[in-house]
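Let me begin by presenting the structure, written as structure tokens, before commenting on it.
All of the numbers you see were taken from the coordinates with simple rules; none came from a lab. Keep in mind the model is a prediction, meaning the values are calculated, not measured. Note: ideal-geometry Cβ built from the backbone for every residue, glycine included; neighbour counts use all protein chains shown.
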There are 2 protein chains.
Amino acid sequence: MTKEIEELYDRSLLEQLDFSSVQSSYNPKINIENPGNNLKIRPLRISDYEAGYMQLLSQLTEVGEYGKEKFIETFALMKHHKGMYYITVIEDVASGQVIGSGTLFIEQKFIHNCALRGRLEDIVVNSEYRGKQLGKLIVHTLTLLSKHLNCYKVSLDCKDSNRPFYESLGYKKEESNSNFMQIRFD
Amino acid sequence: MTKEIEELYDRSLLEQLDFSSVQSSYNPKINIENPGNNLKIRPLRISDYEAGYMQLLSQLTEVGEYGKEKFIETFALMKHHKGMYYITVIEDVASGQVIGSGTLFIEQKFIHNCALRGRLEDIVVNSEYRGKQLGKLIVHTLTLLSKHLNCYKVSLDCKDSNRPFYESLGYKKEESNSNFMQIRFD
């Protein structure tokens, strides 16, 4: 049986990250160990289904309505794909609610000596918690995690409005190599 | 034991794709079943390590030098992650060499009713085989495959020089939502 407290990945990975290279950009000085008053950063849990995770995602995009069974099934599938899905959340321990989330998604390659490539996906902070450097904390955490996991690079796609934010965190549009293109089927 | 002929994914998926929506854009009329004289399109095989697959990738980017053991290990890892890695190649049966390749990589989401998202990666055609519509054939095949697998969208990132090619195949840079950003660690 799957336990409610079960986490998507080994949380000791977060404890191993060296935050020192980015710490000076925070004022006040929050970090992975101390994300702020009553806040904790940790891997996604099954119990987050009832802790506002779906409502949080709905601030980002359309989530759809589905039950806990489907959530657990999807969680189990991601966990089965060990080493690929690193969904990381911030919990407000006072309310028991998840108030921030981001995904690091890993791809195995044959190129670059069978390297790993990271991608940041679905970064969101509850609108009531904005201005607390939490989006930045999530992105730094996932970026450091991708480096720790030996990714040769980490990338993301974003709207124009979010570009300055990601640039401030070290992400670059490379000259003549920064086109994001898509086809939507629905 | 892993068999040399073992393929990365079930090739019957390729037979299920409906090419009719794009067939009229080909002259001469090649398609998935008939990619051209002596050519076959199929999933990547372990034996492709000796069939020029690494040399083909090296026309795209730096591959590094590694032995067959590491190739098999990586192949096995991708295959273990069932439903995620769809590396598809074109073989010249006359020479026994792999002369084109592309990857469809699938991500499971919690958003959009636990949807799948597809990404095209590492598209390459041997320089001696260009002008035979094979790049287009690979991209169409992987795009149709992503739709067949029920992805809600499929995306890619590319250089400016490749943008017209992907636009001609239906890929779009969405207004104010087409930034590709990255951090390289090496």
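If the only charges are +1 at each Lys and Arg Cβ and -1 at each Asp and Glu Cβ, what is the size of the charge dipole of the protein assembly as shown around the Cα centre, to the nearest 20 debye?
It works out to roughly 380 debye.
For chain A, what is the mean residue ellipticity at 222 nm derived from helices alone (per DSSP H run of n ≥ 4: -39500 (n - 2.57); sum divided by total residues; nearest 500 deg cm²/dmol)?
Helix-only estimate at 222 nm: -7000 deg cm²/dmol.
Inter-copy label distances at residue A:59, 7 Å along the Cα→beta-carbon direction, one decimal in nm, shortest first?
So the label point of residue A:59 gives 4.9 nm to the other copies.
Could you tell me the relative contact order of chain B? Use alpha-carbon pairs under 8 Å, at least six residues apart, and round to a whole percent.
Values: 259 pairs, mean separation 36.5, N = 186.
Relative contact order comes out at 20 percent.
Relative to the other copies, what are the label-point distances for residue B:47, with labels 7 Å from Cα along the C-beta vector, expressed in nm at one decimal and sorted shortest first?
Spacings between copies for this position, smallest first, are 5.4 nm.
Using the Cβ atoms and a cut-off under 15 Å, what net charge is assigned to the surroundings of residue A:122, where Lys and Arg are +1 and Asp and Glu are -1?
Taking every other residue near residue A:122 into account, the sum is +1.
Report the closest approach of any chain A C-beta to the axis of the A-to-B rotation: residue and distance, in whole angstrom.
Here the nearest residue and distance are A:180, 2.
So how far apart, in nm, are the two label points at residue A:175 and residue A:11 if each is 7 Å from Cα heading toward Cβ?
4.6
Step through the residues of the stretch B:12-29 one at a time and calculate ³J(HN,Hα) from phi using the Karplus curve (6.51 cos²θ - 1.76 cosθ + 1.60, θ = phi - 60°), rounding each to whole Hz and writing x for Gly and Pro.
After applying 6.51 cos²θ - 1.76 cosθ + 1.60, I find 5, 4, 5, 6, 7, 6, 9, 7, 4, 5, 10, 3, 5, 7, 9, 8, x, 7 Hz.
Just counting partner chain Cβ atoms within 10 Å, what average do the residues of peptide B:114-122 show around their Cβ?
Taking the mean over all residues of the peptide, I get 4.
Note the distances from residue A:82 to each other copy's matching label point, with points 7 Å along the Cα-to-beta-carbon direction, in nm, sorted shortest first.
1.7
What FRET efficiency do you get for residue B:94 and residue A:159 if R0 is 51 Å and r is their Cβ-Cβ distance, rounded to the nearest 0.05?
After rounding, the FRET efficiency stands at 0.60.
Given a Förster distance of 51 Å, report the FRET efficiency between residue B:128 and residue A:77 from their Cβ-Cβ distance, rounded to the nearest 0.05. All intermediate terms of the calculation are to be shown ahead of the outcome.
Details: r = 41 Å, r/R0 = 0.81.
It comes to 0.80.
Leaving out same-chain residues fewer than 8 places away, which lysines sit with a Cα under 19 Å from that of residue B:79?
Result set, ordered by chain and number: A:79, A:82, A:109, B:3, B:68, B:70.
What percent of all Cα-Cα pairs in chain A falls in each 10 Å bin, counting up from 0?
With a bin width of 10 Å, the distribution comes to 8, 35, 38, 16, 2, 0.
Can you give the FRET efficiency for residue B:26 and residue A:21, using 1/(1 + (r/R0)^6), R0 = 51 Å, r = Cβ-Cβ distance, to the nearest 0.05?
For R0 = 51 Å, the calculated efficiency reads 0.50.
Rounded to the nearest 20 debye, what is the charge dipole size of chain A about its Cα centre when +1 sits on each Lys and Arg Cβ and -1 on each Asp and Glu Cβ? It would help to have the intermediate numbers written out before the result.
Details: 23 positive and 25 negative charges, 107 e Å.
Around 520 debye, computed over chain A.
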